[in-house]
Every structure is written in structure tokens, then in C-alpha cells.
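K.L.:
Dumping the structure here so I can ask a few things about it.
The values are calculated or read from the model by the stated rules, or taken from the named source; none is laboratory data. Just so you know, these numbers come straight off a predicted model, no measurement behind them. Reconstructed Cβ throughout: ideal geometry from the backbone, glycine too, with neighbour counts over all protein chains shown. What goes into the accessible areas is simple: the full protein's heavy atoms, side chains included, and nothing from ligands, DNA or RNA. Shrake-Rupley method; radii C 1.70, N 1.55, O 1.52, S 1.80 Å.
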Amino acid sequence: MSSSINPRLTRRLTRLTRLTAASALTLAMSTALSPAWAAGPGREAPKPGAHTAGDPLFTYLGNGGYDVESYDIRYDYRPGTLKMDSSVRITATAKQTLSGFSLDSAVEHVGSVSVQGEPAAFRVSGEKLLVTPRHALREGRRFRVEVSYRVDRGQNPPSPSYPPGTHIIDHWINKPDGFALMGQPDRAHMFFPCDDRPSDKARFTFRITTPKDLQAVAIGTLRSRVTTGDRTTSTYAGRDLVPTHVVQAAVGHFTMTTARGPHGLPIRSYIATDRYKAAKPRVDDIPGQVAWMEKRLGRRFPYTAYGVLGVPGDYDGVALESATLSTFSVEGLTRPAPDIAPTMIHELAHQYFGDAVSVRNWNDMWISEGHADYYQLLYSVDKGYHRLDDILKQRYEFEFGKRVESGPPARLKTAADVLTGGNNGGLLMLAGLRRQVGDAVFTRIERAFFDRYRGTSATTRDYIDMANKISGRDLTAYIEGWLYSDKVPPMPGHPDWTAPQAEKTS
């Protein structure tokens, strides 16, 4: 069969076909280059999240553009090496339309990163892990990040925010049969990539694989322990929101002890086995200590479980308010009650102020440390270990030198002052506030502040506003004088207290 076609019509059809093909190609390229988040009415153009949270002391720390909901961390501990294969799964929600985002990270090596199950481009710059997902993440979208990495527990790099010459403690606490963590204030991202700032709290799961003759311990509650061959994986998880700097995970030979606190609160502690008997009397004191704190503040313990971890040997010469599981050197837990019980109350008070109510910025750390020192002192007085005014006078005289050294409690000189700079002045401000407004009003302020900010973070301004509201008085000048002034204010009720002689003549 044959047909006859008009040549002029053929040329017109050919031109039309070429134009149609070109238009289709342009449309295809436009579609490929303009994903579903393309800017338009009511839509935000994608951009990277901020690479810092803007903290005035730890200027490099934290990230913007998202809020973390949970961390799921895996460690594979093997004796004979300080290197440990690890991974973390992070669930977060985008607070803006993200073309990329960063995590704080000081791990030895990052092997791979995926976002929403797809491989993502990444690079490490200083202590930042910069991630570019294949597709932008819409504002309000929940997303998942998985990072495979390796840590070297022999590495303890100093904080980039610390002044040169600052004394550096270890944050990987290595022991002959395992390890423990000490991430405060800004070293948790040595343990896992994260948004390492106290205001971005999250739920934590730890899955730790060890030889079956060792025990893994972590914050939260033991969910499972599964042995395959000669290896055991222990999984700990908690439903409570926790700041990154007070997490804990440890491996070693521990003996677990259990008890019940007020209202049936589970008390479970893990004590280095070779010192368990010597430490047990102090461990047995914990239910009573929780009851004392609950009665003093008038609020139940803020987490679903509590206890202590007693690590063998030294723990950097400190204790840590790791959430649900305060950490001590086991040797400290063998001391007589008057010597160690006040410190146990200090860490217990942190579970309320510092953990459940975390600080917004590190200059607000007096909220955590000042409260812990304050309740520690009240406990010592209640137990007859000290007289209140004797200790307050000593602390008042000490404050003159401390303020010169570290700055005012809420306006510290350097990042290195965070863990000690706010304790003393914070304690004195709280004690003076109680004297001014009376026991009943002061307790109402404390309860209202805790209730309002439990599960989130708070600032110095938040505390001032709550004190003013509950007391019905303008206490701003008093509180700001203690927390921001270069000079030590007069102590309420004690106009005769002055600077020590050495301070007067210097």
C-alpha cells in the first residue's frame, strides 16, 4: 500500500516535532532540577542549618535547623584495643527546609552517613560533621540519620572553646576491663555524633556488645540481654528526655543491686564487683536520699528509675549527674556517710535541676550547679553534719576570690569556668532569696520553676520571672546582683559578713 504526502506539510510537522521535543526536554530538566520543595507561595527555599547554636561560651557548639528526638547508639567493645566500631541512628524533626545540616562530632573516623535510608554526602571539618542529603528535608518533617563510625578511646582532644593551658580531664575513662564516659560539658560528641548542647534534649538507647563475661551498663532501663556464642548485647533505653552531656555508658565487672524508692521507684545500681561489699552501705542509703529530696522540694523524682554507677578506681576525681544513674568512683562510695552522702545528694538534686530542667546556654549553669550545692548544704544541715550559717559564711567569704577568678555566676569569664564558676554564687543567691521571701514562698518558687521547665530548658531570665511572679515582688535587682555583678552583694540577714582580710587589703 502506498500514499502521497505533501512536502511542505512534512517540513512543518518536522519543525513542530523538534519544538515539542525541545519543550519536553526543558520540562524534564526543570522537573529534575526543581524538587518537590521548590520555592513558591507558602514554601521556603531550602538552605543549610546553622553550624552553631550561638552559645556565648562554647561558640562552636550546637547546630541549627532541626530538633533531635532520639539517639540509638551501638558500641562493639573488644578487649585489647582502644578502638571501637560504633553507629548512631538519630531521629529528628526539621525546623526549616534543610538542604544540609551539621552534627557535632569528634569521633576518630566516620565511615558512612545515610539520611532517610539513602546514602548522603558528608565531610568532616574540625569537630563538625557536615551532611548533605540527596533530597532536601521539608520543614516540620521527621527524618532519620544513620552514621557508622569508629572511636578511639585513647583520644581525649581538648574543647576548642577552652583557653590555652586549661587543665584537661579525660572523657573516655578507660579501665583494664572496660570504660565509662564523662561528657560534661561539651565532649559527648567524642562518643557519638550529635547536637551536643544542653537545650536539645532527646531519648537515648544504648546497644552495647561485649564478651559475655563482662557487663554493659547505661542510662535508662535494661530492655534485653542477648548472648550469641561468646558475645552478649545489652540494650538500655529510656523514655525520658536527657541532655547529651549527662549520658552514661560503661563496660566492666559490676554487681547490680536493686531496691524500691518512694512510690515504688525502681532503684538499680551497678558497683565495681571487687568493692561491692564496702560500697553497699552507701548504696542502701539511696532510697532514703530520694525520699528526702522529694519531701524537701515537694516533687516526685523526675525520671522512671534511679541509681548509681560505681566505677573502679578513679573517675577523674569528680562525680557526674548522669541522668537516672549518677556516676562515682567506687572508692568514694566506700567512705563514711558524712563524707560522701552530701555529694550523693548533690548529684541527686541535679536530676531535677540540670537534667530534667536543663540549662538553655552554658552561662545559665548556675541553675544546675547552684541548686545542687544548695540542696547538698540543706541535707548536711538536716543530718547534723554542719551548721547552716557556719557554711554560708565560709562560702560568702570564698565568693570574693571566686568571682575574681571565674567572673559572676551567670556571666562567666571562659568556657573552662562552666563546671565550677556558678556553684558558689548560685548557692548564696538561693540561700539569700529564701531568707528574703521566707521558706514557704521560696519553696513555691522552686516548685513552680521546676514544674514549668521540666522536660525542657530554662534561662536565668526564666528563673527571675518565676521568682517575681510567685513572690509578688520585684526581685530582679537582687537576683541579677548576685548573678551578673562583678562585686559580691551583701548577704541578706548578715550585714556584718564582709570580704576576708586578704581580699580587703589586696
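K.L.:
Take the residues of segment 454-467 that are touching a residue at least 40 places away in the same chain (Cβ under 8 Å) and surrounded by 21 or more Cβ atoms within 10 Å (Cβ to Cβ): which is farthest from T244 (Cα to Cα)?
P.N.:
Filtering segment 454-467 for residues that are touching a residue at least 40 places away in the same chain (Cβ under 8 Å) and surrounded by 21 or more Cβ atoms within 10 Å (Cβ to Cβ), the one farthest from T244 (Cα to Cα) comes out as Y463.
K.L.:
Next question, about the same structure. If T93 passes every condition in (1) open to solvent by 10 Å² or more (accessible area, probe 1.4 Å); (2) over 22 Å from the mean Cα position of the chain (by Cα); (3) not small (G, A, S) but one, which one does it miss?
P.N.:
(2)
K.L.:
Further, regarding this structure: Please name all residue pairs, on different chains or six or more residues apart, with Cβ atoms under 8 Å, provided the first residue is in segment 468-490 and is within 15 Å of R434 (Cα to Cα) and the second residue is open to solvent by 80 Å² or more (accessible area, probe 1.4 Å).
P.N.:
N468/D474; I470/R444
K.L.:
Return yes when E146 is farther than 17 Å from R187 by Cα, open to solvent by 50 Å² or more (accessible area, probe 1.4 Å) and part of a strand (DSSP E or B) and no when it is not.
P.N.:
Values: farther than 17 Å from R187 by Cα: yes; open to solvent by 50 Å² or more (accessible area, probe 1.4 Å): yes; part of a strand (DSSP E or B): yes.
When the stated conditions are applied, E146 passes them.
K.L.:
Taking R78 as the residue in question, decide whether it is over 30 Å from P211 (Cβ atoms), open to solvent by 70 Å² or more (accessible area, probe 1.4 Å) and more than 23 Å from the chain's Cα centre (by Cα). Lay out the reasoning, then the answer.
P.N.:
Working: over 30 Å from P211 (Cβ atoms): no; open to solvent by 70 Å² or more (accessible area, probe 1.4 Å): yes; more than 23 Å from the chain's Cα centre (by Cα): yes.
So R78 does not fit the description; no.
K.L.:
Now a separate question. Of these, E399, E405, which one is in contact (Cβ under 8 Å) with a residue 24 or more places away in the chain, assigned to a helix (DSSP H, G or I) and closer than 30 Å to I168 by Cβ?
P.N.:
E399
K.L.:
Could I ask something else about it? Name the single residue that is least open to solvent (accessible area, probe 1.4 Å) among those in segment 111-132 being polar (S, T, N, Q) and on the phi < 0 side of the Ramachandran plot. Steps first, answer last, please.
P.N.:
In the first step, residues of segment 111-132 are kept if they are polar (S, T, N, Q); the result is 112, 114, 116, 125, 132.
Filter once more, so that each one left must be on the phi < 0 side of the Ramachandran plot: 112, 114, 125, 132.
Details: S112: 56, S114: 23, S125: 55, T132: 74 Å².
Filtering segment 111-132 for residues that are polar (S, T, N, Q) and on the phi < 0 side of the Ramachandran plot, the one least open to solvent (accessible area, probe 1.4 Å) comes out as S114.
K.L.:
Let me ask something else about it. Restricting the search to segment 449-493, which residues are part of a helix (DSSP H, G or I), hydrophobic (A, V, I, L, M, F, W, C) and either within 26 Å of D390 (Cβ to Cβ) or in contact with a strand residue (DSSP E or B) (Cβ under 8 Å, 6 or more places away or on another chain) (or both)?
P.N.:
Taking segment 449-493 first, the residues part of a helix (DSSP H, G or I) are 449-453, 460-471, 476-484.
Narrowing further to those that are hydrophobic (A, V, I, L, M, F, W, C): 449-450, 464, 466-467, 470, 477, 479, 482-483.
F449, F450, I479, W482, L483 - these are the residues of segment 449-493 that are part of a helix (DSSP H, G or I), hydrophobic (A, V, I, L, M, F, W, C) and either within 26 Å of D390 (Cβ to Cβ) or in contact with a strand residue (DSSP E or B) (Cβ under 8 Å, 6 or more places away or on another chain) (or both).
K.L.:
Consider segment 330-371. How many of its residues are under 20 Å from G455 (Cβ atoms), polar (S, T, N, Q) and either open to solvent by 10 Å² or more (accessible area, probe 1.4 Å) or part of a helix (DSSP H, G or I) (or both)?
P.N.:
3
K.L.:
Right, another one. Here's a check for you: in segment 186-218, which residue that is open to solvent by 10 Å² or more (accessible area, probe 1.4 Å) and assigned to a loop (DSSP other than H, G, I, E, B) is nearest to R239 (Cα to Cα)?
P.N.:
If we take residues in segment 186-218 being open to solvent by 10 Å² or more (accessible area, probe 1.4 Å) and assigned to a loop (DSSP other than H, G, I, E, B), then K201 is nearest to R239 (Cα to Cα).
K.L.:
From the list L333, L378, L392, which one is within 19 Å of D284 (Cβ to Cβ) and touching a residue at least 60 places away in the same chain (Cβ under 8 Å)?
P.N.:
Result of the check over L333, L378, L392: L333.
K.L.:
Residues that are open to solvent by 10 Å² or more (accessible area, probe 1.4 Å) and not aliphatic (A, V, I, L, M): list the strands (runs of 3 or more DSSP E) wholly contained in segment 241-327 that include at least 2 such residues.
P.N.:
Strands (runs of 3 or more DSSP E) meeting the threshold: 254-260, 266-272.
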